[in-house]
Amino acid sequence: MPSKPTYIVLLGPPASGKGTQAARLCEELELPHIASGDLFRENFKHETELGAKAKAYIDRGALVPDDITIAMVMKRLGRPDCAQGAILDGFPRTIPQAKALDTALAEQGFRVSITPYIAVPDEVIIERVSGRRVCRTCGETYHVKYYPPQEAGLCDQDGGELYQRDDDKPETVRERLKVYWEQTSPLIDYYRKQSTLVEIDGNQPIDAVTKDLRAVFGA
Ligand code: AMP
Ligand code: ZN
């Protein structure tokens, strides 16, 4: 019998390194990296109806309503490349989203396998986000001080232009952190009760965090 799919949920505040770590681990774990924020940004780029609905929330640092978000992520998880599971980054972000995911997986006899929580203090988040830059072409992220590209303003992979996300501006970051503590941090307890939570120190160099995550996955 084929083994059950592996669903990894990465928890942690914005800019805790979830995206960077997922991008590194998805190849060795042979699982697709599903980032809800990236799905929304793809929708903006293609000017879809969903993108138009989500934009106002994202621009002010609020969460997109659960029904829109759940439908979008579930549709993505239903694609054939997710047959063996996925690394989820940025979803779930609320208790109703976590419950919807649990229900959808349980219907197929599956469950969330493990939920690493990448813990990073708020002050560090604010500094990280203010220096974060993203490639317009491939979505790779850099930091002007901690993870600079070889040539300022250009992506190492494809030479794409690097930009600062509108929601990475300081006022919006403070709002996103508030939203994180109010609406997303309860997931830490939710998954602790399910015995899937593993806390990782995210206030370390990128490679050290990857090493700790690998140890968790036995990769
Ligand atoms: P991210 O790239 O994960 O930081 O997400 C960027 C923005 O997209 C967030 O600040 C939210 O406005 C929205 N977003 C991403 N994932 C979710 C989610 N699971 N639930 C609600 N809103 C989300
Ligand atoms: Zn690029």
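The values are calculated or read from the model by the stated rules, or taken from the named source; none is laboratory data. Computed from a predicted structure; not experimentally measured. Virtual Cβ from ideal backbone geometry, glycine too; neighbours counted across all protein chains shown.
Pairs only if they're at least six apart or on different chains, beta carbon under 6 angstrom, first in the range 137-149 and closer than 16 Å to Gly17 by Cβ, second more than 16 Å from ligand 1 (Cβ to nearest atom) and assigned to a loop (DSSP other than H, G, I, E, B); list them, first residue then second.
Glu140/Cys155; Glu140/Gln157; Tyr142/Pro149
Could you list, ordered by first residue, the pairs with Cβ atoms under 7 Å in which the first is in the range 51-62 and within 13 Å of Val179 (Cα to Cα) and near ligand 1 (Cβ under 8 Å from one of its atoms) and the second is at pLDDT 95 or above and aromatic (Phe, Trp, Tyr), at least 6 apart or interchain?
If the second residue must be at pLDDT 95 or above and aromatic (Phe, Trp, Tyr), the pairs left are Ile58/Phe40.
Across the range 91-144, what is the total count of residues that are among the acidic types (Asp, Glu), modelled with pLDDT under 95 and either more than 22 Å from Ile200 (Cβ to Cβ) or within 16 Å of ligand 2 (Cβ to nearest atom) (or both)?
Going through the range 91-144, the residues among the acidic types (Asp, Glu) turn out to be 102, 107, 122-123, 127, 140.
Remaining after also requiring modelled with pLDDT under 95: 122-123, 127, 140.
Next cut, either more than 22 Å from Ile200 (Cβ to Cβ) or within 16 Å of ligand 2 (Cβ to nearest atom) (or both) only: 140.
Residues flagged as among the acidic types (Asp, Glu), modelled with pLDDT under 95 and either more than 22 Å from Ile200 (Cβ to Cβ) or within 16 Å of ligand 2 (Cβ to nearest atom) (or both) within the range 91-144 amount to 1.
Quick one: would you say Tyr180 is within 13 Å of ligand 1 (Cβ to nearest atom) and either within 18 Å of Gln21 (Cβ to Cβ) or in contact (Cβ under 8 Å) with a residue 60 or more places away in the chain (or both)? It would help to see each step written out before you state the result.
Working: within 13 Å of ligand 1 (Cβ to nearest atom): yes; either within 18 Å of Gln21 (Cβ to Cβ) or in contact (Cβ under 8 Å) with a residue 60 or more places away in the chain (or both): yes.
The answer is yes for Tyr180.
Could you list all residues from the range 118-156 that are surrounded by fewer than 19 Cβ atoms within 10 Å (Cβ to Cβ) and among the hydrophobic types (A, V, I, L, M, F, W, C)?
Ala119, Val124, Ile126, Cys138, Val144, Ala152, Leu154
Give me the residue from the range 157-183 that is surrounded by 14 or more Cβ atoms within 10 Å (Cβ to Cβ) and within 16 Å of ligand 2 (Cβ to nearest atom) and, out of that set, nearest to Arg132 (Cα to Cα).
Gln164
State whether one or more residues within the range 63-81 are at pLDDT below 95 and under 26 Å from Arg133 (Cβ atoms). Full working, then the answer.
Taking the range 63-81 and keeping what is at pLDDT below 95, we get none.
For the range 63-81, residues at pLDDT below 95 and under 26 Å from Arg133 (Cβ atoms): absent.
Checking Thr115 against (1) crowded, with 21+ Cβ neighbours inside 10 Å; (2) among the hydroxyl-bearing types (Ser, Thr, Tyr); (3) part of a loop (DSSP other than H, G, I, E, B), only one condition comes out false. Which one?
(3)
Those residues that are in a loop (DSSP other than H, G, I, E, B) and either exposed (fewer than 11 other Cβ atoms within 10 Å of the Cβ) or in contact with a Pro (Cβ under 7 Å, 6 or more places away or on another chain) (or both), I need them from the range 192-218; list them, please. Talk me through it step by step, then tell me what you get.
To start, the set of residues in the range 192-218 that are in a loop (DSSP other than H, G, I, E, B) comprises 194-196, 202-205, 218.
Listed by number, the residues that qualify are Ser195, Asn203, Pro205, Gly218.
Counting only residues that are under 12 Å from Tyr7 (Cβ atoms) and hydrophobic (A, V, I, L, M, F, W, C), which one in the range 90-108 is surrounded by the fewest Cβ atoms within 10 Å (Cβ to Cβ)? If you could, list the steps in order and put the result at the bottom.
Our first condition is that a residue be under 12 Å from Tyr7 (Cβ atoms); within the range 90-108, this holds for 91-92, 98, 101-102, 104-106, 108.
Cutting the leftovers down to hydrophobic (A, V, I, L, M, F, W, C) gives us 91, 98, 101, 104-106.
Details: Phe91: 25, Ala98: 22, Leu101: 21, Ala104: 15, Leu105: 18, Ala106: 10.
Going through the qualifying residues, I end up with Ala106.
Pairs please, first residue from the range 82-93 and touching a residue at least 12 places away in the same chain (Cβ under 8 Å) and within 12 Å of Ile114 (Cβ to Cβ), second anywhere and near ligand 1 (Cβ under 6 Å from one of its atoms) and in a strand (DSSP E or B), Cβ atoms under 6 Å, 6+ apart in sequence or on different chains.
none
When you scan the range 6-32, how many residues do you find that are under 14 Å from Leu77 (Cα atoms), more than 12 Å from ligand 1 (Cβ to nearest atom) and either surrounded by fewer than 22 Cβ atoms within 10 Å (Cβ to Cβ) or not aromatic (Phe, Trp, Tyr) (or both)?
Pass one, the range 6-32, residues under 14 Å from Leu77 (Cα atoms): 6-9, 31-32.
When the remaining residues are screened for being more than 12 Å from ligand 1 (Cβ to nearest atom), the result is 6-8, 31-32.
When the remaining residues are screened for being either surrounded by fewer than 22 Cβ atoms within 10 Å (Cβ to Cβ) or not aromatic (Phe, Trp, Tyr) (or both), the result is 6, 8, 31-32.
Total satisfying the criteria: 4.
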